[in-house]
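Since every read-out is calculated from the coordinates, none of them should be taken as a lab result. Small disclaimer: the values here were computed from a predicted structure and weren't measured. All Cβ positions, glycine included, derive from the backbone under ideal geometry; neighbour counts span all protein chains shown.
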Amino acid sequence: MNTTSSFISPTVQDMPPSGIRQFFNAAEADDDVISLGVGEPDFVTPQCAIEACKRALEHGRTMYTPNEGLLELREAIAEYLHKGFQLEYEPSREVLVTVGGSEAIDLALRALISPGDEIIIPVPGYIAYAPLVQLNGGNVVELELSAEEGFKLTADELQKVITPRTKAIVVNFPTNPTGAVMTYEDWLPIARLAVSHNLVVISDEMYADLTYGRTHTSIASLPGMRERTIVISGFSKAFAMTGWRVGYLCGDRDLVSAMVKIHQYTALCAPIMGQIAAIECLRNGLGDRDAMKLAYDERRRMFVQGLSDIGLTCRDPQGAFYAFPSIAETGLGSQQFAERLLREAKVAVVPGHVFGAGGEGFIRCSYAASSARLTEALDRIDLWLRAHS
Ligand code: PLP
């Protein structure tokens, strides 16, 4: 080890690089590659939000905002959550605007974890949770979700991994990467367990607006859950605002004020431009959001059907914008499948193993791409599979 790397903490040294970036970078470097790799809308942010931001900048609105975020935005978020998901939060003390949903996840973990606390992470799941738990001194306990259960969380499985050291569980429905959605009935036994074991639930609801033919239920809306749930969401996905870096978290005021305490030192505030754009999205961008959702739904149906036509079985993803087909029948491991598909067919997907145990044997394909690109990707995969078999 050379001198400078010996300066780096063992936790960071041991952290593997993101398994998604590898495929993203390869796709970026070659114009011929069709990328279904990155989890990013292919749409542009609603025009009304862009215009509102431009106007604000021209009027010199380039300063810090309050640590908690612009009150107007917190009010709009509280109203949005109330109307859409029956959640009640007081804008002045129970809503914190963050630098994307990513900062919100980190803040929640930082505020909760004491060294050695166990944090349950259902997998396959979003890749940032485990590294963030480790960075914050917690122990990751992976809970493998089963494909047969449609990658939903069940109380029986959860019960098995709860110990006296369990502090919290991170849930993410609709799920990146599987597209699974939980109903009120699915949540009920989970909520009972959380209450009886005094667990905190970090509920990453980044894709709450993107459900198809069913509604999103937040676990925070179940009896006894509001005070022990931190709801996290943001504008990146549903409003095509990944680059603006605006997310938020909501919860009981004591929890939120602990997170504000950290946020005021680490981020100070989320970018004002993004906050102004987000306000405009909630006021006048809902039609754009609905139009994008409709497009995802059409692509979803076409793409899942297309996968099955070429022999890759895929459960119906009910939310987010990912398909998670099985590649088990090809006899290839997911890393090998994805590397070869990229090299030989020029289609970038993400190997399922990067999402944790239970992800092996699957690949994640984002269908946030135009129908033409999706059709072309299916054709290329089909040809490649035939040549391979
Ligand atoms: N949570 C989930 C489940 C995600 O899929 C993502 C992005 O892919 C994030 C959080 C991060 O969102 P943001 O861009 O708002 O930081």
Quiz item: If exposed trypsin sites (Lys or Arg not before Pro) are those in a DSSP loop with at most 15 other Cβ within 10 Å, what is the longest stretch of the chain that has none?
Solution: 215-389
Quiz prompt | Estimated 222 nm signal from helices in the chain, with DSSP H stretches of n ≥ 4 weighted -39500 (n - 2.57), rounded to 500 | solution = -12500 deg cm²/dmol
Practice problem: Could you pull out every one of the aspartates and glutamates with an alpha carbon less than 13 Å from that of LYS83, ignoring same-chain neighbours closer than 8 positions? | Solution: GLU75, ASP209
Practice problem: With a cut-off of at most 16 other beta carbons within 10 Å, and DSSP calling the residue loop, which GluC sites (Glu not before Pro) in the stretch 22-114 qualify? Please list them. | Solution: GLU88
Quiz item: For the chain, modelled as a Gaussian network with Cα springs under 10 Å, which listed residue fluctuates most, THR266, THR175, THR375?
Solution: THR266
Exercise. Treating cross-link reach as a plain straight distance, find the aspartates and glutamates whose alpha-carbon is under 12 Å from the alpha-carbon of LYS160, omitting any fewer than eight places away in the same chain.
Key: GLU142, GLU144
Practice problem: Using a 10 angstrom cutoff on alpha carbons, build the Gaussian network for the chain and name the most mobile of ILE276, ILE105, ILE363. | Solution: ILE276
Quiz prompt | Value of relative contact order over the chain, rounded to a whole percent, pairs C-alpha under 8 Å and six or more apart | solution = 24
Quiz item: For the chain, modelled as a Gaussian network with Cα springs under 10 Å, which listed residue fluctuates most, TYR265, TYR89, TYR207?
Solution: TYR265
Exercise. With a point put 7 Å past each Cα toward its Cβ, work out how far GLU28 is from ALA128 in nm, to one decimal.
Key: 1.6
Quiz prompt | Prolate/oblate/rounded label for the stretch 329-389 (Cα gyration tensor, a/c 1.5) | solution = oblate
Exercise. Pull out a ≥ b ≥ c, the square roots of the eigenvalues of the alpha-carbon gyration tensor of the stretch 28-118, then state rounded if a/c is under 1.5, prolate if not and a/b is larger than b/c, and oblate in the remaining case.
Key: oblate
Exercise. For the stretch 47-284, build the charge dipole from Cβ charges (+1 Lys, Arg; -1 Asp, Glu) around the Cα centre, then report which of PRO122, VAL246, THR266 sits farthest towards its positive end.
Key: THR266
Quiz prompt | Contact order relative to length of the stretch 81-209, as percent, for alpha carbon pairs under 8 angstrom and 6 or more apart | solution = 24
Self-check item: Fraction of antiparallel bridges per DSSP, the stretch 47-284 only, in percent to nearest 5
Solution: 30
Quiz item: Under a straight-distance cross-link criterion of Cα-Cα below 28 Å, which lysines are reachable from LYS261, leaving out those fewer than 8 residues away in the same chain?
Solution: LYS167, LYS237
